[in-house]
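This report concerns only the one structure given below.
The values are calculated or read from the model by the stated rules, or taken from the named source; none is laboratory data. Fair warning: this is a prediction, and the values are worked out from it, not measured in the lab. We place every Cβ from the backbone using ideal geometry, glycine too, and count neighbours over all the protein chains shown. Note: areas computed on protein heavy atoms with side chains; ligands, DNA, RNA excluded. Shrake-Rupley method; radii C 1.70, N 1.55, O 1.52, S 1.80 Å.
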Amino acid sequence: MPVERARPADHTGEVVAAAIIVDGRLLLAQRTRPPELAGQWELPGGKAEAGETADDALRRELREELGVEVSGGDRIGEDVPLPDGRVLRAYRVELVSGTPVALDHAELRWVDGRELGEIDLVGNDRGWVPDLRLHLKGW
Ligand code: 9L3
Ligand code: MG
């Protein structure tokens, strides 16, 4: 059997998360994996690949996960250090074309400020709630 050479894991870089807000509601997506996060809701996004800017990563991830084109990218909320050494950052993005579809999530939901406080958000995203609410209605 060929011996697979272990490749060092990439413990650096950014995980991007998108705050898509339309008419005072924020788009949340329900995770399917890993098992400990399945069922919890998040701002959609994922790991930037080598050589990608945050903008590139947001555009690619949202195309893959939601089937939409987005633009923009002002930061929202604080950096969240992840246990693997990466940093998670949220960006406010605008929908340019398409209607979000759950291509990689169990379900999508648009929430107002009150619902954002009641939904089971992934732990990493909870610190952003006060910042996000400033842009939402209904709280
Ligand atoms: N993560 C947390 N909150 C988010 C996103 C998009 C991602 N809003 C965490 C979950 C994973 C890691 O970042 O541990 C990588 O995300 P993904 O590639 O599994 O979406
Ligand atoms: Mg993802």
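Details
- The alpha-carbon positions of segment 83-139 define a convex hull whose volume is 132 Å³ per residue.
- Computed from Cα positions, the angle between helix 54-66 and the longest principal axis of the chain comes to roughly 80 degrees.
- Sites Thr99 and Thr12 - FRET efficiency at Förster radius 25 Å, r taken between beta-carbons, to 0.05: 0.10
- Fully extending the segment from Leu37 to Asp79 would add 13.1 nm, taking 0.36 nm per residue of separation and subtracting the current Cα-Cα distance.
- Carbon-plus-sulfur accessible fraction, segment 39-98 (probe radius 1.4 Å, protein heavy atoms only): 47%.
- From helices alone, the chain scores -4500 deg cm²/dmol at 222 nm; the rule is -39500 (n - 2.57) for each run of n ≥ 4 DSSP H residues, then divide by the residue total.
- Solvent exposure of the chain amounts to 57 Å² per residue of accessible area, where only protein heavy atoms count and the probe is 1.4 Å.
- Where Asp23, Asp104 fall by accessible area, highest first, once all protein chains stay in place (1.4 Å): Asp23, Asp104
- Whole-number D in µm²/s for segment 23-139 (Stokes-Einstein; Kirkwood sum over Cα pairs; 37 °C, 0.692 mPa s): 224
- Ordered from largest to smallest accessible area (heavy atoms of protein chains, 1.4 Å probe), the residues Arg31, Arg114 come out as Arg114, Arg31.
- Taking all protein chains as they are arranged and a probe of 1.4 Å, the heavy atoms of Glu49 leave approximately 100 Å² accessible to solvent.
- Here the relative contact order of the chain, from alpha carbon pairs under 8 Å that lie six or more residues apart, stands at 31 percent.
- For segment 79-89, backbone phi angles converted through the Karplus equation (6.51, -1.76, 1.60; θ = phi - 60°) give residue-by-residue couplings of 5, 10, x, 9, x, 7, x, 7, 10, 9, 10 Hz, Gly and Pro being listed as x.
- DSSP assigns beta bridges within the chain; of those with both partners inside it, close to 70 percent run antiparallel.
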